[in-house]
Amino acid sequence: MKTSSLKYILTKRHLIIKALREWFCQRGFIEVQTPVTCRDPIPEANIDLFQIKNRKSDCYLLPSPERYMKPLLSQGIKRFFQICPAFRRDEKGDYHRPEFTILEWYRADADYNSLIEDCQSLIADGCKAITGHEELNIVRNGMTIDLNPPFTVITVSEAFKKFAGWNPLTNRNEARFYHDMVTKVEPGLAGEKPVFLKDYPAWASSLSRIKKDDREVCERVEFYAGGMEIANGFSELLDSEEQRKRFNEENRKRQALGKKPVPEPSEFLAAMNDSPSTAAGMAMGIDRLVMLLTGSSNIEQVNVHCSCLE
Amino acid sequence: MYESSDLRKGLKIIIDGAPYIITDFQFSKPGKGQALYRCKLKNMITGYTMDRTYRSGDKFEPANLQESRMQFLYNDATGYHFMDTSTYDQITLTPEQIGDAKNFLKDNMEVDILFFDETPISISLPTFVELEVVKSDPGIKGDTATGATKPATLETGYTLQVPLFIEEGNVLKIDTRTGEYVERVKN
């Protein structure tokens with residue numbers, strides 16, 4: 001079978017998703033299916049939404065399943081996951097499509113350190129599923145990537161000092177932060193070994209818990225492999241008052257960028273009051289994972305193509 | 001106006017008053033962060049290339065570029081002169097703007113001229129042109145090696161390699177993209 005053919009890719013994609021599903025089922029996670037539409041999505045400054053015109057009132061296509069999944073913590077469900085489509089307007093590039101597939105999982109009574117463990121183990125199982133053996137080295141763009149855990153862990157502050165020459169924790173400059181993240185830090189992380197980048201500035205993640213011993217830092221972690229950002233997770237913020245303030249701040253940023261504010265997600269906030277005191281959740285880009293494990297260079301190669309939302 | 005999300009390879013925009021074409025384009029977006037649009041741009045008049053990174057919310061003026069079909073009249077010390085056959089407007093391009101196209105231009109030939117606002121900036125030739133051979137030595141007798149060629153000079157002064165059977169006075173079809181001989185169209 002030609003390695004670029006759709007048949008080859010879809011077969012590998014199936015094997016990867018099957019392995020991920022098995023990983024969760026073996027560990028007592030339940031699989032959920034939540035709606036992809038919503039009237040009051042999570043306010044996020046840098047995510048643009050598709051709006052659907054409907055007879056009664058307009059709604060949005062969700063950019064992530066978080067809006068309906070996180071409140072399930074308040075239902076007493078301790079471990080759950082979902083594999084579903086997600087929609088983000090105007091995101092189109094080698095690693096971006098306006099419609100893509102997310103794997104998202106939550107654990108009650110856990111923090112972001114357990115997500116690092118989960119992620120390493122999941123990646124290893126996904127890799128074994130397609131190589132068929134214990135071999136965890138893969139070749140991508142002529143470079144060998146070593147997927148044998150443990151992966152490198154580096155803080156945002158260390159990575160910025162090393163690759164960009166400044167510390168975003170002591171110098172808040174959002175525009176420069178994202179510019180240098182893309183042009184200096186991410187290329188610096190594109191080595192043989194996958195990397196967890198953790199401990200983001202508190203302002204860079206409105207849904208993460210702030211570190212107890214350092215109020216400038218939030219407990220967020222991103223997973224990079226082969227130069228691609230594959231997963232993003234955090235210790236969940238579960239304080240509804242604090243979350244409301246941060247949502248207002250995100251809506252203010254939206255307006256400053258000339259975007260419409262979104263309605264406050266009141267059910268989402270209310271559910272926090274019945275949630276466990278700690279929980280962690282992570283989202284993984286399935287298309288990018290398939291790209292990584294099949295050596296594909298463009299996200300369009302790893303699923304059936306559709307240009308409707310471009 | 002274009003927005004950042006309209007940026008893509010091949011789009012023509014104005015930067016500092018000059019028309020640029022995007023020759024390479026990359027969309028980047030760190031998780032939950034601001035999108036960055038990284039472009040390689042080429043100045044359509046000078047050929048100067050540069051890298052620029054744009055953000056969401058940036059706006060761009062489209063470069064108003066139009067192509068007009070024009071007839072080549074003649075060239076002299078002031079440049080290459082062309083005329084719009086419907087309006088009789090005449091324009092002049094410099095030898096630098098004409099470039100290698102001079103090898104294939106003959107009087108009355110119709111070409112496309114690209115205008116930025118009212119200023120002509122470049123020429124595009126038909127893919128194939130027919131030109132007469134003005135000078136070519138006869139092929140050496142007995143030389144039967146396949147693919148053997150000899151030089152020939154065309155009416156424009158351009159010299160190229162042609163098959164041995166080509167003679168002075170023949171009209172040849174030339175590919176203007178490569179400058180190579182295609183076939184003989186008239187003995």
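Some points to look at:
- Residues that are of a type in the set (S, T, N, Q), farther than 17 Å from A:T155 by Cβ and assigned to a loop (DSSP other than H, G, I, E, B), drawn from region A:172-209: A:N173, A:S206
- Residue match in region A:215-228 (condition: farther than 25 Å from B:G57 by Cβ and open to solvent by 30 Å² or more (accessible area, probe 1.4 Å)): yes
- Of residues in region A:97-115 being more than 13 Å from the chain's Cα centre (by Cα) and surrounded by fewer than 22 Cβ atoms within 10 Å (Cβ to Cβ), the one nearest to A:Y68 (Cα to Cα): A:A108
- Residue check, B:I113 modelled with pLDDT under 90, open to solvent by less than 60 Å² (accessible area, probe 1.4 Å) and part of a strand (DSSP E or B): no
- Check on A:G142, at positive phi and either at pLDDT below 95 or not aliphatic (A, V, I, L, M) (or both): yes
- Pick from region A:205-230, criterion free of Cβ contacts under 8 Å to residues at least 40 places away in the same chain and under 20 Å from A:H96 (Cβ atoms), ranking: farthest from the other protein chains (Cβ to nearest Cβ): A:Y224
- Spans of strands (runs of 3 or more DSSP E) in region A:41-123 with at least 3 residues within 14 Å of another protein chain (Cβ to nearest Cβ): A:99-108
- Of the strands (runs of 3 or more DSSP E) that lie entirely inside region B:1-98, those containing 2 or more residues that are surrounded by 14 or more Cβ atoms within 10 Å (Cβ to Cβ) and more than 14 Å from chain A (Cβ to nearest Cβ) span B:12-15, B:18-28, B:36-43, B:65-76, B:79-83, B:90-93.
- Selection count where residues are more than 25 Å from A:K198 (Cα to Cα) and in contact with a strand residue (DSSP E or B) (Cβ under 9 Å, 6 or more places away or on another chain), scope region A:131-162: 2
The values are calculated or read from the model by the stated rules, or taken from the named source; none is laboratory data. Quantities reported herein were computed from a predicted structural model and do not represent experimental measurements. With ideal geometry, Cβ positions are generated from the backbone for all residues, glycine too; neighbour counts draw on all protein chains shown. Side chains are part of the model used for accessible areas, which takes the heavy atoms of the whole protein and leaves out ligands, DNA and RNA. Shrake-Rupley method; radii C 1.70, N 1.55, O 1.52, S 1.80 Å.
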